Amino acid sequence: MRIAVIVLSVLLAAMVILFFIVTGKIAAGAAELAGGTTTAEDGSAALADGAGDLSSGADKLAAGTEDLAAGATTAHDGAQKLAAGAQSAATGAATLSEGAGALAAGASNAVAGAGKLSAGAQTALSGAQDLQAGTTRADAGAQSVLDGATKLSAGVSGAHKIASDLLAGAAEFTSKIDAAVPAAMIPKLQALSDPTAAAGIKGAAAGAPANSQMLADKLALLAANDGVTGSDIDQLALLAAGLDKQVDGIAGAADAAPALAAGTLATVDASKKLAGGANALVNGEPSLGWPGTVGLVDAQKGAPALVAGAQTLKDGTSQLSAGAAKLSGGLQALSSGASTLHSGTIKLDSGATSLSQGAVSLAEGAATLQSGASDLSSGVGDLSEGAATVAEKTGELAAGGDKIEAGATDLAEGTGLIADGSGTLASATAGAAPSTLPWMLGIGLVGLIALGFWVGHRISHRRALAAA
């Protein structure tokens with residue numbers, strides 16, 4: 001009996017343990033089933049919504065594939081045009097390659113020319129700087145010429161006034177000489193100044209005073225010896241005494257008369273020459289190339305014109321100096337620009353070389369593009385045919401999408417029922433363990449009591465054996 005009780009107790013305990021394990025597993029599985037069916041319900045609902053969207057999208061896809069077929073046809077036409085354009089591009093790329101080669105050669109020549117231009121601009125700049133220095137000196141010289149011409153003009157004006165006054169004085173002097181020495185006296189003066197006549201006059205003038213004095217003395221002696229007062233001899237003595245005084249008075253004049261006549265003639269001649277020279281000085285002498293002071297003060301041809309010309313020269317040299325400065329500045333800019341141009345042509349040469357290489361690559365790429373455009377045209381033709389097929393099949397897809405939508409709706413309703421049932425199962429299995437727990441506790445208590453009795457029995461048995 002004890003063995004039977006022990007075996008039953010162990011079996012009961014194992015049964016209880018297995019019961020709890022199984023019900024726990026069932027409860028966990030039911031919970032998981034409930035969660036999964038809920039998720040399946042949500043998924044089936046989403047599937048139903050997606051099936052609706054799929055049906056709608058399939059309809060749109062069908063319409064889109066029709067548009068795709070039309071677009072593929074248009075693309076096929078465009079691809080053919082692209083192939084033709086690629087052929088033109090290949091031809092143009094070849095031409096561009098040739099032109100780029102010519103450009104590279106021209107850029108090389110431009111580099112050489114720009115170098116010469118830069119050197120020439122530098123030389124021109126140096127010359128312009130020399131020209132500027134020269135025009136500055138010329139401007140200073142023109143200023144000196146203007147100052148000198150101004151002073152000369154003032155001096156010429158003064159000289160003209162003096163010469164005019166001299167001419168007026170010479171004319172007045174000639175008039176007075178002509179009035180004092182009439183033309184009728186000229187032959188007399190010429191005769192008086194004749195050397196032979198002059199010698200006779202001088203001889204007579206030298207001897208006349210002595211002769212007149214001798215005559216007066218002789219007649220005075222005769223008158224004194226005559227003894228008759230008032231006689232003819234006395235009168236002749238008185239006349240001889242008076243004549244002696246007159247001879248003494250005119251002897252000096254007679255002696256000087258030839259020289260005076262010669263001087264008078266010289267004065268007359270000199271007055272005419274003075275008048276002529278003063279007139280030539282003022283009014284000019286064409287035979288000598290002398291314009292006269294009148295010509296020197298002439299506003300159009302004389303010193304004023306020289307001053308005006310010097311002023312014009314000064315203005316011109318000022319403008320020339322300013323222009324030379326501008327030219328120097330411009331050539332400076334030209335020199336800088338030529339240097340920049342030279343640098344730029346070097347870069348242009350490099351770029352033209354790169355362009356030539358790129359044009360060759362472009363020509364090769366254009367050829368490849370032409371080949372690819374032909375392939376594209378063929379592929380777009382196939383695409384057009386495939387798009388037509390897709391349009392046909394998308395109609396069938398739209399019909400299948402409608403069926404999927406209906407099935408998904410039914411699936412959603414079924415998964416809803418499964419979710420409800422699995423929830424009920426989970427609740428039931430979860431409540432099974434608590435409902436059997438009191439019974440399990442009672443059985444366990446009875447087992448503990450039986451175990452206690454068995455332990456007491458064993459102790460009593462041991463004691464009885466020990467007492468025996």
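The values are calculated or read from the model by the stated rules, or taken from the named source; none is laboratory data. Predicted model only: the values in this text are computed from it and were never measured. Every residue, glycine among them, receives a Cβ derived from its backbone with ideal geometry; neighbour counts consider all protein chains shown. Accessible surface areas use protein heavy atoms only, side chains included; no ligands, DNA or RNA. Shrake-Rupley method; radii C 1.70, N 1.55, O 1.52, S 1.80 Å.
Observations on the structure shown:
- Taken along the Cα-to-beta-carbon direction at a fixed 7 Å, the label points for THR312 and LYS176 span 4.6 nm.
- Using a probe of 1.4 Å on the protein chains alone, the accessible area found for PHE453 is around 150 Å².
- Spin-label model, GLN319/ASP410: points 7 Å from Cα along the beta carbon direction are separated by 11.2 nm.
- Residues with amide H under 5 Å from that of GLU285, placed H, sequence gap 5 or more: TRP290, GLY292
- Violating pairs (Cα-Cα greater than 23 angstrom) within the set LYS60/LYS393; LYS116/LYS347; LYS176/LYS272; LYS272/LYS301: LYS272/LYS301
- Dipole magnitude of the stretch 101-169 about its Cα centre (Cβ charges: Lys, Arg +1; Asp, Glu -1), debye to nearest 20: 100
- Here the label points at GLN80 and LEU238, each 7 Å from Cα along the C-beta direction, are separated by 17.3 nm in the simple model.
- For GLU364, the accessible surface of its heavy atoms amounts to roughly 120 Å² (probe 1.4 Å, protein chains only, rounded to the nearest 10).
- At full extension, SER339 and LYS245 could sit 22.5 nm farther apart than now, given 0.36 nm per residue minus the alpha carbon distance.
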